[in-house]
1. Select from the range 16-36 the residues that are free of Cβ contacts under 8 Å to residues at least 60 places away in the same chain and not small (Gly, Ala, Ser) and write down the one among them that is surrounded by the fewest Cβ atoms within 10 Å (Cβ to Cβ).
2. Can you confirm whether the range 37-60 contains a residue that is of a type in the set (A, V, I, L, M, F, W, C), assigned to a helix (DSSP H, G or I) and open to solvent by 70 Å² or more (accessible area, probe 1.4 Å)?
3. Among the residues that make up the range 74-81, is at least one of them outside any strand (DSSP E or B) and in contact with an Asp or Glu (Cβ under 6 Å, 6 or more places away or on another chain)?
4. Does Lys13 satisfy the criteria of being surrounded by fewer than 16 Cβ atoms within 10 Å (Cβ to Cβ), touching a residue at least 12 places away in the same chain (Cβ under 8 Å), not in a loop (DSSP other than H, G, I, E, B) and not β-branched (Val, Ile, Thr)?
5. Hey, does the range 23-34 have a residue that's at pLDDT below 90, in a helix (DSSP H, G or I) and not charged (D, E, K, R)?
6. Let me spell it out: the conditions are (1) open to solvent by less than 100 Å² (accessible area, probe 1.4 Å); (2) at pLDDT 90 or above, and Leu4 meets all of them except one. Which number is the exception?
Amino acid sequence: MDWLFTDQDYGMKEFFGSVDVAVMGRKTYSKAIEMRPNAAPFPGIKTYVFSHLLPKGPQQFAEVVNDDPESWVKSMRATPGKDIWLVGG
């Protein structure tokens with residue numbers, strides 16, 4: 001993931017301008033917080049974390065979701081906004 005934070009842009013500025021929601025799992029969120037401990041992983045982008053281990057609801061830099069992913073995505077897509085970014089692997 002360190003390539004995201006190099007001295008070259010690789011089109012990331014344009015990409016970040018096209019999304020307003022990031023969705024990830026608990027392990028990806030933990031790694032993002034590890035890399036930037038006192039800051040939101042992606043400033044200006046609403047971050048949702050799918051987890052059954054973390055308590056549901058607002059966290060410091062994200063909202064934890066443990067709903068059915070398909071239903072959640074359908075409801076998010078019905079909300080006005082930019083694209084949704086699925087972060088992680």
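1. Once the filter is applied, the top-ranked residue is Glu34.
2. No, that holds for no residue.
3. yes
4. Judged against the criteria, Lys13 is not a match.
5. yes
6. All conditions are met except number (2).
The values are calculated or read from the model by the stated rules, or taken from the named source; none is laboratory data. Just so it is clear, the structure is predicted and the values come from calculations on it, not from any experiment. Backbone-built Cβ (ideal geometry, glycine too); neighbour counts: all protein chains shown. The area values use the complete protein model at the heavy-atom level, side chains included, leaving out ligands, DNA and RNA. Shrake-Rupley method; radii C 1.70, N 1.55, O 1.52, S 1.80 Å.
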